[in-house]
Structures are given as C-alpha cells and as structure tokens.
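Down below is the structure, laid out as structure tokens.
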Amino acid sequence: MNVQVSLSRWLALTASLMGVLVIANPTLSAEIASADRRSDYEFMRRDTQAMQDDDAANPGMLWVLEGETLWNARAGEANKSCADCHGDARVSMKGIASVYPSFDDKREKLVDLEARINICRTDHQNAKPLPFESKELLALMAYVARQSNGMPIKSNTDVRLKPHINAGQRMFYGRQGQLNLSCAQCHEDNWGKQLAGNKVPQGHPTGYPIYRLEWQNLGSLQRRLRTCLSGMRAQPYEYGSVELIELELYLMWRARGMTMDTPAVRP
Amino acid sequence: MSSALINVPARAKRGEIIAIKTLISHLMETGFRYDSTGVLVPRNIITDFVCTYNGEEIFRAGFFPAIAANPFMIFYTVATESGTIVFQWAGDNGYSESASAKIVVE
Amino acid sequence: MSKHDNETTRREVLIGASCVASGLVLPALVTIRRSEATPATMAAAIRKVVGDAKVKTGKVKLEMPPLVENGNTVQFTVSVDSPMTASDHVKAIYVFNEKNPQPNIISIHLGPRAGRAIVTSRCRLADSEKVIAIAEMSDGSFWSDHVDVLVTIAACVEDGIP
C-alpha cells in the first residue's frame, strides 16, 4: 500500500516537472498575454454579436429551454430527474461548467461536462447514455453551462490534471495533418487577421455549447475541435476520446479567468 | 425539443406600438441538399406563420426554403386591449406548432 | 532556424490554408446543388406578385449587412415609410433574391393593426447577390429597395461530418 502511494506521488511529481519543462520550452509560441486575451465574441461582426446579445433572438436559448424541461423530467429505470438529486439548477449548477473538464474520482479519469452528464444518467438514473451531439445531450449541456454564464473560468489546481493539461498543450502547439499546421499558428500567432471571410479568433472555449451559423445548429466544443482538425486536414479524434477532452481541458486552462458567455453564437 | 421562444411585453399602454419577437426551432431543410449517397434530402420547412390577437389576425408570413433554420421574426402590433396573442406555425409533413402570450393593456 | 525562416514557413502555410479554405474543393457529405435562380427567375417571381404594375423605388428600406459572416444566417430588416392607417397602410412585403436555388425569401401580410411596417427575419444566401424588398400599399402601388450583399464562406470549411 505504501509503495503504491509513493509511486503515484512520484509519477505526479515527474509529470509536474515535465509540465514545467514543456511550458518553458523556448521553441513554443508565447502564450497570449493576459491583457490581450479576448473572447471569440469580439472577432465577430456586429450583427452576429447582436444575435448573441439578445436572449430572445439567440437560437442557443431554444436548447437552454429544452434543457430546463429535461432537467425536471424523470428518466431511466430509476425514474429520477436531475432535479430529484440536484434540486434547482440555478443553485446547484452555478459555476459547475466553469470547472470542467475535471477529474472523476470514481472512474479515475478525465471527464468533460457531457461525459459527466452521461455518468449521472447511467449511474444514478439507470438510463442509457445520450448519444454525442444529440438534441437531448446538447440541451442538458446548454442548460447546465448557462448557469455559469457571466462567471470566470476557474483555474483548476487539481494536480491530477497536470499531465492532461500538458498533453493538451502539446496537441495545441504540435504541427499535424496534411498542412503540417498547429492550432497555435492561427490562434496564437495570427489571431485578429483575416482568413477567408472571417477574422481568426484566439480560440477560447468561453461560449460553449455554441450555436454555430455554419452548422445551423447547437454543437459542443468536441464537435468544433473535430471540424477544426478536418479543416486542417488532420485526422479528427473520435467523440469522447481522451485526446479531445485533454484539448478541451488545455483550452479551458488557457482561458482561465475569462468570462463565460454561453450559449454563444459563432460563425 | 422546446419549440418556441416568444417575447411579448407583459404590459403595455393602450395604443402603444409593441415589438413581438418569435424564435421557433426547426431545421428548415431546403430540399436542395444531397446526402452522402447522392440522394436529395427532401424539403421540410415551415411554410406559414400566423399571429392573432384576441382572435383577430394581425400578422401573417409565408416562409420559403431561403428562411434560415430556427426561424426568427420581429414584427410590430398596436396594443389595443388586454388578452391573448396566439402564434401558429404550419409546414411540410403536417407540421403544426403553436404558442401564446398574455398581455395586459391599460 | 532563423526568425526569418520561421516567418516564411508560417506565411506559406497560412496561404495554403486559406487556399484550401476558400477553394471549397472538399468531398462534402452534404453538397449544395448549384444555384438555378437567375435575375430572370427573380423577375418572373416578382411579376407573379406585382403583375403589370410599375415598381417604384422609395419608401422601403432593406437593411442587410453588406458583407455577411456566414451565408447560412443573414439577418435582414424591411422598414416601410407609412402611417399605417386604415386608408393608408402597407398590405404586404415581399423579399426576393437572384442567386439562391429559389427566388422567394418571404412574403408578409399585415395591415393597420401593425402600427409599424417593420419586419425582421433571417435568411440564407447562397452567393453574393442582389436582394430586393417590395412593399404593396393599400392603394395598390408597389415600392422597392435592394441591397447587394457579399457572401464569403466561413474559414476552415468542414466536410459535413458532425
């Protein structure tokens, strides 16, 4: 027992040292200075911003409303609703989305918000997990994330997250795909510049899940990352893969302190 | 899917012109897209939108495939009396949806 | 590797990326059929509504962004200068386009109860094109306004896989 504890502590120590090395690596592009960090909202045109500003005009709010209905609906063999355990989401879910992805103690792995919702469904409602990008899962995500609207993204100090943050960072800065392009080349080195008809944003996840005009639908950060990857002509990771969740985690860490503006409208 | 998001002022003065906003969830499949096997995805849109105020029609619109998904409208009406404003949408494949909002006019 | 080399590499890669993004030569899962509408189709659709009446310019204002973020959702507002009384009001507003597969966008029917002849909605635009709004007045006259809209595609075009 003692040996196991020491081993995990040693691993954690090594991982955090590696983390320090990775972050200090001089060949990496510099992280955007805190004062220069801006929400992707600020890179949109005025009329798209106006769509997001007005709750009566923001299509994302349709999913928030649906999510509220689902929150209170009984589901699964346990015949329980989210509300039966969590009560009023406005209280119990306040700030929750701002600390995801996080480390799930029971499963000892990294989970994002949609994975967490499905864990609740299978473990506590005895219901089937909701499929990725399904209306129901997106609605619940939108409703839960909405309860963190206007709140800052938390800086998660859980030491178990460090190796995952570093893995996400390596993916962000690493060149990949047929174009041999890295996320950082656009979103760190060239944000604010024009690419086709749009300005390149910094790529912060403050608005998720988003109503994307290109999709004519609400979608998750996982979906957006997959489309970024295929747009870069790289192989998109599978839904629910640890790579996508690590990238989500890194992006949330990179955006720590920024205000959540969900559900956002994006081009 | 929670179908409609309606925004009508709860109260208004008699004769005041009020703005009404409606947002309805619908894919508005144009009928001009093909799926991965090359088969045309059939049209599936909302075609008609009618708004009545205490039973009297105050606004009507005909939508075409060019109307964006999750159709959004802002239009105006005169607050004549207290009552109910009813919204009805109809479309392809027997689609039918309705919503309503109460207004107090003093 | 010198700083200059880095810059050249980045520039080349970005040019390449934007070429791919704007080239639209992608094996899309859900393809859009080539536009069939033409100015002639739009003229025919307008004639169906207007008949032989002359459409005058004025009284109508069509507001649309001159350069759209994404052609899938373009917000537009039609405002018509009218007292909206029983004897002098806007009966109908029609909006047309000239390059979508179909020339009609929306047809609106209203009356004095509207108070204001101002309507906002959102449309899809398949290409950079002319959009025309026509108002039919209670006296049978027709008035119009138009906007030439530039539609560019969103960056990093995806291939339809969600």
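The values are calculated or read from the model by the stated rules, or taken from the named source; none is laboratory data. These numbers were taken from a predicted model, which means no experiment stands behind them. In this analysis, Cβ positions are derived from the backbone assuming ideal geometry, glycine residues included, and neighbour counts consider all displayed protein chains.
Descriptive notes on the structure:
- Taking segment A:34-55 as the range and being crowded, with 17+ Cβ neighbours inside 10 Å and of a type in the set (A, V, I, L, M) as the test, the residues that pass are A:Met44, A:Met51.
- Residue that is surrounded by the most Cβ atoms within 10 Å (Cβ to Cβ) [pool: residues in segment C:78-105 that are within 22 Å of the chain's Cα centre (by Cα) and of a type in the set (Ser, Thr, Tyr)]: C:Tyr94
- Of all the numbered requirements in (1) at pLDDT below 95; (2) surrounded by fewer than 16 Cβ atoms within 10 Å (Cβ to Cβ); (3) farther than 23 Å from A:Pro59 by Cβ, C:Asp139 misses one, and that requirement is (1).
- Criterion (more than 15 Å from A:Arg146 (Cβ to Cβ) and either modelled with pLDDT of 95 or more or under 21 Å from the mean Cα position of the chain (by Cα) (or both)) met by exactly one of A:Asp47, A:Asp84: A:Asp84
- Looking across segment A:150-197, the residues that are among the hydrophobic types (A, V, I, L, M, F, W, C), part of a loop (DSSP other than H, G, I, E, B) and in contact (Cβ under 8 Å) with a residue 60 or more places away in the chain come down to A:Met151, A:Ile153, A:Trp191.
- Looking only at residues in segment C:101-125 that are within 23 Å of B:Ser25 (Cβ to Cβ) and among the aliphatic types (A, V, I, L, M), the one that is farthest from the other protein chains (Cβ to nearest Cβ) is C:Leu125.
- Odd one out for A:Thr206 among (1) under 26 Å from A:Ala50 (Cα atoms); (2) within 11 Å of chain C (Cβ to nearest Cβ); (3) within 14 Å of the chain's Cα centre (by Cα); (4) in a loop (DSSP other than H, G, I, E, B): (2)
- Of all residues assigned to segment C:77-94, none qualifies as being in a loop (DSSP other than H, G, I, E, B) and among the basic types (Lys, Arg).
- You will find that of B:Ala79, B:Ala61, B:Ala19, B:Ala10, the residue that is within 13 Å of the chain's Cα centre (by Cα) and at pLDDT 95 or above is B:Ala61 and no other.
- The residues listed here are A:Glu214, A:Glu238, A:Glu243; of these, the one that is surrounded by fewer than 24 Cβ atoms within 10 Å (Cβ to Cβ), closer than 19 Å to A:Pro101 by Cβ and either modelled with pLDDT under 95 or within 13 Å of the chain's Cα centre (by Cα) (or both) is A:Glu243.
- B:Val50 falls short on exactly one of the conditions (1) surrounded by fewer than 19 Cβ atoms within 10 Å (Cβ to Cβ); (2) closer than 20 Å to C:His109 by Cα; (3) touching a helix residue (DSSP H, G or I) at 6+ places or on another chain (Cβ under 9 Å), and that condition is (3).
- Segment A:84-140, residues that are within 14 Å of chain C (Cβ to nearest Cβ) and outside any helix (DSSP H, G or I): A:Pro131, A:Phe132, A:Glu133, A:Ser134
- Within segment A:192-203, considering residues that are at negative phi and within 12 Å of chain C (Cβ to nearest Cβ), the one surrounded by the fewest Cβ atoms within 10 Å (Cβ to Cβ): A:Lys193
- Whichever residue in segment A:69-83 is more than 14 Å from every other protein chain (Cβ to nearest Cβ) and of a type in the set (S, T, N, Q) and, among such residues, is farthest from A:Met141 (Cα to Cα): A:Asn79
- Of all positions in segment C:33-56, none carries a residue that is among the polar types (S, T, N, Q), in contact with a Leu (Cβ under 9 Å, 6 or more places away or on another chain) and either in a loop (DSSP other than H, G, I, E, B) or under 23 Å from B:Met73 (Cα atoms) (or both).
- Residues of segment A:223-267 satisfying the condition of being among the basic types (Lys, Arg), assigned to a loop (DSSP other than H, G, I, E, B) and touching a Lys or Arg at 6+ places or on another chain (Cβ under 9 Å): A:Arg256
For (1) under 24 Å from C:Arg116 (Cα atoms); (2) not charged (D, E, K, R), each residue gets a yes or a no:
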site	(1), (2)
B:Asn7	yes, yes
B:Leu40	no, yes
B:Ala68	yes, yes
B:Glu97	no, no
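- Taking segment C:77-100 as the range and being closer than 17 Å to C:Val131 by Cβ and more than 10 Å from chain B (Cβ to nearest Cβ) as the test, the residues that pass are C:Val78, C:Ser79, C:Val80, C:Glu98, C:Lys99.
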